[in-house]
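One structure is given below, encoded as structure tokens.
The values are calculated or read from the model by the stated rules, or taken from the named source; none is laboratory data. Keep in mind the model is a prediction, meaning the values are calculated, not measured. Reconstructed Cβ throughout: ideal geometry from the backbone, glycine too, with neighbour counts over all protein chains shown. Side chains included, ligands, DNA and RNA excluded: accessible areas come from the protein's heavy atoms. Shrake-Rupley method; radii C 1.70, N 1.55, O 1.52, S 1.80 Å.
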Amino acid sequence: MGSIPDPGELTELTPPSFDEFQRQTSLMTSCTLLWKELSDHFTSLEQSLLKKSEVIKRKIQTLDNETKESLHELEKREVTIEGSVKIALGKVEVSKEAAIMAMDRGPGDEDGEVDDGEGLLLRLKCFCLKMDAEGLWRFVTGKKKELDVLRAQMPLALAECVDPAKFVLETISEVFPVDKRVDKSDRGNDLGWACVLMLESLIPVVVDPVIGKSRLLVTPSVKSRANKIAETWKASLEERGGIENVKTPDVHTFLQHLVTFGIVKKEDVGLYRKLVVGSAWRKQMPKLAVSLGLSDKMPDMIEELIGKGQQLDAVHFTYEVGLVDKFPPVPLLKAFLKDAKKAAASILEDPSNTGRAAHLAGRKEQSALRSVIKCIEDYKLESEFPPESLKKRLEQLEKGKPEKRKTVQVPANKRTRANNGGPMPPAKAGRLTNAYVSSFPAAPTFVRSPSHAHYPAPVAPYHSPPTMYGSRSPPTNPYVYSPEAASMAGSYPGAPMTYPAYGGYGNGMAPAYQQAYYR
């Protein structure tokens, strides 16, 4: 039996390794770090799951609330529909009796003058009672200057109709969905304002008297007809040149038609978006966009308007949907003014329009200033963007207008004689076969007036050397021609002048003493 080795002897046989100790220490450290990383990861996953769970719970709660509200609304609609129908039928009976009485009275003074708003309302009611769509259309389109009064009185008049929705469709059918007029120059080509007026005025008339705008009292047959009209308009887009070329009044009428009759379709939202952006400068477009279901697309639409340089329109859309924090209005308005100044400068630099460049550039900047000032006042931005400097600049531009248009009034049938500045009969050199048309500049004092007929053009307001004739050279210093000088001594001799057959100069040549002067 062998002896048991002494522990001291084992220690001597396997001495401890420091490298092994470091390896084990490193391994323990790695395990500790890995454990901590895994622990943090699982903690993060747990917190994320808790947050998602809370979000799902809130969504479920929101859906439950919306479902309850929808069921309550449907129940309310079902309960109130009988009462609404009774009210509508009673109104129809009253309108029917009034229409019969109006028809029995025969034709009234429908072509007489309308002195005030009350007289205008009576005339409108007369057309509506008789359901005279053609007569109402002729009357309304002839009253564009009284648009504000029409807008206030038209809903009251449409309330007298037996079927106001059908009556409005018949009234605007002459130009919507397609223009059926043979002669479009009688009352102007743009009658979209009248269509929009009729469609806007119809909304308060067809709103349910019990539950409000959530239900429109439009018969199924009229709603079906409105749908067909909308489809016809969309089909005619290609004939109008596509979405890019369709006229803004037509677009406005179409979109208002959809909102008025409640026939907005989700599958056409893309079309509505393009139409709204293309006609965004119309003040009604932001509200129409919301009514068309474009609220969730508003951020992209606003960015598109900003990219197209329509910052002012973008501000109106921003306030309509409450995105002021995302799109601050003041920087947009300043950028709009900056672009307007650049546009005005480019007009001034345009060589093809030198005559009216200053006038057009001034109008461009004035229009931009007025729009921005009104926007500041409408949205109460005075504290962020004081308009005083803008108003001063606008006053400067407005004061500069009369100075630019200041002219010297001269008779349209007279022109200036080159030698002494006296009146001269109209030129008849064009009738002579040997007539010489001189390019000698006219007097700088006489400037053409826009109200006069065309007569010889004036000289430029700056110094210009005369035209050279023969081998003569112009003087070193250009002269300034003055029509008030009695003598031309000291000035550079001009071209020989041709006199028409008038008075003592019947041969079309200057007198002998003047011919000697020009030799």
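How many residues does segment 220-263 hold that are surrounded by 12 or more Cβ atoms within 10 Å (Cβ to Cβ) and under 17 Å from the mean Cα position of the chain (by Cα)?
12
Looking for something acidic (Asp, Glu), farther than 29 Å from Gln256 by Cα and either outside any helix (DSSP H, G or I) or free of Cβ contacts under 8 Å to residues at least 40 places away in the same chain (or both) - is there at least one such residue anywhere in segment 345-352?
Looking for residues that are acidic (Asp, Glu), farther than 29 Å from Gln256 by Cα and either outside any helix (DSSP H, G or I) or free of Cβ contacts under 8 Å to residues at least 40 places away in the same chain (or both), one finds at least one in segment 345-352, hence yes.
For segment 280-292, state whether one or more residues are out of contact with any helix residue (DSSP H, G or I) (no Cβ under 6 Å at 6 or more places or on another chain) and of a type in the set (A, V, I, L, M).
Yes: segment 280-292 contains one or more residues that are out of contact with any helix residue (DSSP H, G or I) (no Cβ under 6 Å at 6 or more places or on another chain) and of a type in the set (A, V, I, L, M).
Please tell me if Cys128 is within 22 Å of the chain's Cα centre (by Cα) and surrounded by 18 or more Cβ atoms within 10 Å (Cβ to Cβ).
no
When you go through Lys338, Lys326 one by one, which is the residue that is exposed (fewer than 13 other Cβ atoms within 10 Å of the Cβ) and either within 18 Å of the chain's Cα centre (by Cα) or part of a helix (DSSP H, G or I) (or both)?
None of the other options fit; the residue is Lys338.
For segment 151-170, enumerate the residues that are open to solvent by less than 50 Å² (accessible area, probe 1.4 Å) and either under 28 Å from Lys228 (Cβ atoms) or part of a loop (DSSP other than H, G, I, E, B) (or both).
Across segment 151-170, the qualifying residues are Met154, Pro155, Ala157, Leu158, Ala159, Cys161, Asp163, Pro164, Ala165, Phe167, Val168, Leu169.
Looking at Thr232 and the list (1) outside any helix (DSSP H, G or I); (2) touching a residue at least 40 places away in the same chain (Cβ under 8 Å), which single condition is not satisfied?
With (1) outside any helix (DSSP H, G or I); (2) touching a residue at least 40 places away in the same chain (Cβ under 8 Å) applied to Thr232, the lone miss is (1).
When the residues of segment 352-389 are narrowed to those that are aliphatic (A, V, I, L, M) and open to solvent by 20 Å² or more (accessible area, probe 1.4 Å), which ends up farthest from Phe317 (Cα to Cα)?
Looking at the filtered set, the residue picked out is Ala358.
Is segment 193-215 home to any residue that is without any contact (Cβ under 8 Å) to a residue 24 or more places away in the chain and either under 19 Å from Ser279 (Cα atoms) or surrounded by 18 or more Cβ atoms within 10 Å (Cβ to Cβ) (or both)?
The answer is no; no qualifying residue exists.
Per-residue answers, yes or no, for (1) within 30 Å of Leu89 (Cα to Cα); (2) of a type outside the set (A, V, I, L, M, F, W, C):
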| residue | (1), (2) |
| --- | --- |
| Asp148 | no, yes |
| Val162 | yes, no |
| Ser173 | yes, yes |
| Leu199 | yes, no |
